Amino acid sequence: MADDDTITLLLRLNKADLQTKFKDEVKPVQTVGPRTLSDCKMVWKEPVLLDIGGKLFKTTLTTLHRDGNSLLAQMFSILGFQLPRERNGSYFIDRDGEHFQHILNYLRGCFTLEGLDRATLNEIAYEAEFYQLRGLYELLRPGSPRSAVTRMASQPVGNGVLCQLGGGSSNWVNPATTGKVAVSGSFDSLINMIGRSPDKTTGSCHDARGKHLVLDLKSCLLKPTHCSMAYNGTCHTGASWSLTGCETAAGGTWKQLAAGQVWSDDCKPQLFAVTENAGSYYQQFKLTCVSGDNRGGNCFCFHVGQLELYGELHYMKS
């Protein structure tokens with residue numbers, strides 16, 4: 001790691017994290033003064049406490065960065081930690097911790113296959129794929145094609161799964177027109193409802209209750225974290241909505257994911273968190289107008305578009 005990167009990491013560490021480190025050493029907490037390059041380098045050797053599904057593991061930033069392309073390196077990057085710190089000083093990852101010791105041993109260079117049965121190796125390979133440790137995955141499953149995984153963060157709003165499937169923000173083509181996704185339902189201008197700019201023809205005027213859009217990701221599965229949508233600029237913002245998901249296109253139970261209402265009048269996408277059943281992967285998503293606008297009126301318009309989804313996207317093997 002270059003010296004400049006080391007200094008950058010120190011400067012960008014969460015202020016609360018630095019205060020916590022010194023609180024235990026010096027009481028009362030004193031102002032943190034300039035530190036030498038040697039001190040900066042020590043940050044990489046200081047312990048980092050991870051809580052993986054309730055199991056605690058102690059490691060260092062140096063270990064977590066052994067594979068710069070891994071999810072762990074991204075979580076604890078020089079741009080700042082992507083996880084909040086818990087009261088006990090740990091960083092929580094909502095994942096089964098049973099095999100995380102093997103993940104750390106691989107990063108430390110001391111992983112061994114000895115004594116591990118086939119079922120355990122398959123489980124470790126699954127964890128390696130989640131943490132994007134390609135070297136470990138290929139060690140456990142040589143010659144096996146690795147499924148592509150893309151994690152679509154909710155920032156910037158609007159650049160999510162449909163942006164990715166459409167070719168990216170600079171070269172975007174509506175994926176419903178290229179066959180990468182399929183849309184169906186009873187709203188107007190269904191294809192344009194997943195567009196990236198306001199379109200006054202989308203949604204439905206007058207009584208839109210019960211009308212819906214079904215988005216089929218076809219060759220992908222998504223574990224959703226957020227969704228976003230926007231007012232399309234005609235009439236007024238409109239009624240309340242519900243977002244549900246179905247794990248397959250072959251029929252199944254639609255599970256509640258999120259609900260809300262688009263309030264803004266500026267046609268900019270609003271972000272909503274997935275608050276229910278967020279731990280599963282879904283192939284289909286349904287956006288439904290469910291009720292009025294909660295303003296006391298009798299209008300049930302649904303003038304909404306720019307639907308976007310965010311989360312962990314898996315490309316299914318053909």
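Are any residues in segment 232-262 among the aromatic types (Phe, Trp, Tyr) and open to solvent by less than 20 Å² (accessible area, probe 1.4 Å), and if so, which ones?
Listed by number, the list holds a single entry, Trp241.
List, please: which pairs have Cβ atoms under 6 Å, are six or more places apart or on different chains, and start with a residue in segment 128-139 that is free of Cβ contacts under 8 Å to residues at least 40 places away in the same chain and end with one that is part of a helix (DSSP H, G or I) and of a type in the set (D, E, K, R)?
Every condition considered, the pairs that remain are Tyr137/Glu129.
When segment 197-253 is examined, which residues are found to be touching a residue at least 24 places away in the same chain (Cβ under 8 Å), in a loop (DSSP other than H, G, I, E, B) and hydrophobic (A, V, I, L, M, F, W, C)?
Selection gives Cys205, Ala208, Leu217, Cys235, Ala239, Ala249.
I'm trying to understand the selection: among the residues of segment 78-100, which are more than 19 Å from Tyr131 (Cβ to Cβ), modelled with pLDDT of 90 or more and open to solvent by less than 40 Å² (accessible area, probe 1.4 Å)?
The one that is more than 19 Å from Tyr131 (Cβ to Cβ), modelled with pLDDT of 90 or more and open to solvent by less than 40 Å² (accessible area, probe 1.4 Å): Gly89.
Quick check on this structure: which one of Arg196, Arg209 is of a type in the set (Lys, Arg) and surrounded by fewer than 16 Cβ atoms within 10 Å (Cβ to Cβ)?
Every option except Arg209 fails the conditions.
Which count do you get for residues in segment 135-154 that are modelled with pLDDT of 85 or more, open to solvent by 20 Å² or more (accessible area, probe 1.4 Å) and under 14 Å from Leu71 (Cβ atoms)?
Selection size over segment 135-154: 1.
Do you know which residues across segment 250-281 are more than 22 Å from Arg95 (Cα to Cα) and touching a Lys or Arg at 6+ places or on another chain (Cβ under 8 Å)?
Trp254
Among the residues of segment 205-217, is any closer than 13 Å to Gly160 by Cβ, in contact with a Phe, Trp or Tyr (Cβ under 9 Å, 6 or more places away or on another chain) and either hydrophobic (A, V, I, L, M, F, W, C) or at pLDDT below 90 (or both)?
Within segment 205-217, one or more residues are closer than 13 Å to Gly160 by Cβ, in contact with a Phe, Trp or Tyr (Cβ under 9 Å, 6 or more places away or on another chain) and either hydrophobic (A, V, I, L, M, F, W, C) or at pLDDT below 90 (or both).
The values are calculated or read from the model by the stated rules, or taken from the named source; none is laboratory data. As the structure is a prediction and not an experimental result, all values here were calculated from the model. Glycine gets a Cβ as well: all are built from the backbone with ideal geometry, and neighbour counts include every protein chain shown. We work out accessible area using only protein heavy atoms, side chains counted, and drop any ligands, DNA or RNA first. Shrake-Rupley method; radii C 1.70, N 1.55, O 1.52, S 1.80 Å.
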